[in-house]
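Chemist: Below is one structure. I have some questions about it.
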Amino acid sequence: MKKILVLNGPNLNLLGTREPAQYGHETLADVERMCLETGATLGIEIECRQSNHEGQLIDWIHEAGREVAAGRMLGVVMNPGAYTHTSVALHDAIKGASVPLVELHISNVHAREEFRHHSYISPAARGIIVGFGVKGYPLAIEALVRVSGAK
């Protein structure tokens, strides 16, 4: 069974308590459960990871690139959090690892503060899902499956 890695960046461990008017009341555990259920429906193994550390996210992207090259993984769904707007290093890791990646944001970043309108991740991503709340996670997983040709 092929796998998709779901990566969550900084502060996403605070889902459900951090700015619930912006991000909702669902927790990261709720999101991970939703992702696992979506994977089961699609016949895809889902692995969820979260880190507040940029280097850890980069290491996981490199690992995913090796798994994709070996034919064991379809790619990555990633909510990079605030690293979206600051991390050239994540951009370079995605490109360097040649990993198909769907960028995901819970809120519509384009309807928020000006500094959130720019993403360093988007030019390296296969596609982007924004503004659908945590329901964006199943959409991103399904999109990655569809564009990979797995289904």
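Chemist: Can you confirm whether residue 75 is within 22 Å of residue 147 (Cα to Cα), surrounded by fewer than 18 Cβ atoms within 10 Å (Cβ to Cβ) and out of contact with any His (no Cβ under 7 Å at 6 or more places or on another chain)?
Modeler: The answer is no for residue 75.
Yes/no matrix, rows are residues, columns are (1) of a type in the set (A, V, I, L, M, F, W, C); (2) at negative phi; (3) part of a loop (DSSP other than H, G, I, E, B); (4) at pLDDT 95 or above:
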residue: 7; (1), (2), (3), (4): yes, yes, no, yes
residue: 18; (1), (2), (3), (4): no, yes, yes, no
residue: 47; (1), (2), (3), (4): no, yes, no, yes
residue: 65; (1), (2), (3), (4): no, yes, no, yes
residue: 93; (1), (2), (3), (4): yes, yes, no, yes
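Chemist: May I ask you to verify whether residue 107 is crowded, with 16+ Cβ neighbours inside 10 Å, modelled with pLDDT under 95, over 13 Å from the mean Cα position of the chain (by Cα) and closer than 19 Å to residue 31 by Cα?
Modeler: yes
Chemist: If you go through segment 20-35 one residue at a time, how many are under 14 Å from the mean Cα position of the chain (by Cα) and farther than 13 Å from residue 8 by Cβ?
Modeler: Qualifying residue count, segment 20-35: 0.
Chemist: Checking residue 80 against (1) surrounded by 18 or more Cβ atoms within 10 Å (Cβ to Cβ); (2) farther than 17 Å from residue 10 by Cβ; (3) in contact with a helix residue (DSSP H, G or I) (Cβ under 8 Å, 6 or more places away or on another chain); (4) not charged (D, E, K, R), which single condition isn't satisfied?
Modeler: Going through (1) surrounded by 18 or more Cβ atoms within 10 Å (Cβ to Cβ); (2) farther than 17 Å from residue 10 by Cβ; (3) in contact with a helix residue (DSSP H, G or I) (Cβ under 8 Å, 6 or more places away or on another chain); (4) not charged (D, E, K, R) one by one, residue 80 breaks only (2).
Chemist: Now a separate question. Under 19 Å from residue 148 (Cα atoms), of a type in the set (D, E, K, R), touching a helix residue (DSSP H, G or I) at 6+ places or on another chain (Cβ under 9 Å) and at pLDDT 95 or above: does that describe residue 54?
Modeler: no
Chemist: So which of 68, 130, 88, 77 ends up being within 15 Å of the chain's Cα centre (by Cα) and without any contact (Cβ under 8 Å) to a residue 60 or more places away in the chain?
Modeler: 130
Chemist: Consider segment 46-62. How many of its residues are surrounded by fewer than 16 Cβ atoms within 10 Å (Cβ to Cβ) and either over 19 Å from residue 10 (Cβ atoms) or among the acidic types (Asp, Glu) (or both)?
Modeler: 1
The values are calculated or read from the model by the stated rules, or taken from the named source; none is laboratory data. Model, not experiment: these values are computed from the prediction. As a convention, Cβ positions derive from the backbone with ideal geometry for all residues, glycine included, and neighbour counts pool all protein chains shown.
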